[in-house]
Structures are given as C-alpha cells and as structure tokens.
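The values are calculated or read from the model by the stated rules, or taken from the named source; none is laboratory data. None of the values given here were measured: they were computed from a predicted structure. Because the Cβ atoms are built from the backbone with ideal geometry, glycine has one as well, and the counts that use them run over all protein chains shown. We work out accessible area using only protein heavy atoms, side chains counted, and drop any ligands, DNA or RNA first. Shrake-Rupley method; radii C 1.70, N 1.55, O 1.52, S 1.80 Å.
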Amino acid sequence: MMKPWKELEKEREELARLQPCIGGEVSPAAHVLGVLELGEGSVVLPGTVIEGHVRIGRGCRIGPNAYLRGETRIGDDCIIGNAVEVKSSLLGNKVFVSHLTYIGDSIIRDDVNVGGGCIFSNFRHDAGEIRMPWQGGLHATGLNKLGCVVGEGCRIGCKCVILPGRVLPPGSWINPGEVVR
C-alpha cells in the first residue's frame, strides 16, 4: 500500500493535467478561477470559489460559499457545504462536510461524516517536518504541509481539531470538541 503522502503527491500530479469538463451545473454566482471537472448531477452553488485543479464526482452538492483550491479531488455523492474550505485534498465517495470546516492536504476515505466547525490542520507551529504513523512505524514525510488520513466509515463530531500527520483508523468515532494529537 502506498504511503499517504506519496498518494497525495501522485494524485496532485494527475490533477495538474486536468482538463475542464462540466457535466453538472455551476451557478452563475459561483467563481471558477482554475480548472474544474464536474460530474453529472453535481451542482456548484452560489458564492463558491474554485481555484487550482479540482475534480468533483457525480451527484455532489458544493456550497453555498465553499472554497476549493489547490489540486483537490472529491468523489461521488459528497456534500461540501457552507463555508467549507478544502485545500489540496482527496475525498472519497459519500463524504459529508456540511459547514464551517477546513480540510488541508488530507485524505478522507469513503463514507465519512464531518461535523461543523472542524479543522484538519496541515502545518506545525514550528514549521517542522511532519511525521506520520504508517504500517507500524513513525515515518518522516519530508513535508512541512500535510494533514491527516481519515479511514473509511469515520464519524467526526463538531468542533474537532485533527493535528498534522494523524491517521484515524477505519470506523473511528471522534467525540465533539476533541483534539486528535
């Protein structure tokens, strides 16, 4: 299995070659300032800003007032809601991030629900290298910007903070207000 930071790097390289293709509906009050591939049945609502290279799957609802930037991939049947910022991240299918959340440089697997007001942090205060637990060891990533990996089927309560380089195993439940250190 590929290390998550290498998976992000590989996907970013692929997304950098993305060509515009709109199969859904983009509100005239949304702003696409980069390259967007939008799947069938997906809708981008007013106030949403898309920068960089962004691929959105089928049956998604984006916005209102969402901010998608960098090289970002969002799977099928997702909700990225009001005042949600997603930066250079990979989101699987059926990921629900309804409001007031920041997700930076992270991987979120399928069937994940994120409560309002969460922060998926991607930067250490000392600007140091982020290390990530992976397959039984703690690995240097060579990066100073790296978020987390959220396994399939996780539930994350409102107002949670996940620090850089953390891994949530599949099926994890994080109570509201927790800090994942």
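Scanning segment 6-52 for residues that are open to solvent by less than 30 Å² (accessible area, probe 1.4 Å), within 30 Å of Pro133 (Cβ to Cβ), out of contact with any Leu (no Cβ under 6 Å at 6 or more places or on another chain) and not in a loop (DSSP other than H, G, I, E, B) gives Leu8, Leu15.
Quick check on Gly171: is it more than 22 Å from Met1 (Cα to Cα), among the small types (Gly, Ala, Ser), out of contact with any helix residue (DSSP H, G or I) (no Cβ under 6 Å at 6 or more places or on another chain) and without any contact (Cβ under 8 Å) to a residue 24 or more places away in the chain? No. The single residue among Ser42, Ser88 that is in contact with an Asp or Glu (Cβ under 6 Å, 6 or more places away or on another chain), more than 21 Å from Gly157 (Cα to Cα), of a type in the set (Gly, Ala, Ser) and modelled with pLDDT of 95 or more turns out to be Ser88.
When residues of segment 59-95 are filtered for being touching a residue at least 60 places away in the same chain (Cβ under 8 Å) and not small (Gly, Ala, Ser), how many remain? The total comes to 3. Would segment 136-158 turn up any residue that is surrounded by 15 or more Cβ atoms within 10 Å (Cβ to Cβ), more than 18 Å from the chain's Cα centre (by Cα), over 26 Å from Asn82 (Cβ atoms) and touching a residue at least 12 places away in the same chain (Cβ under 8 Å)? Yes, some residue in segment 136-158 is surrounded by 15 or more Cβ atoms within 10 Å (Cβ to Cβ), more than 18 Å from the chain's Cα centre (by Cα), over 26 Å from Asn82 (Cβ atoms) and touching a residue at least 12 places away in the same chain (Cβ under 8 Å).
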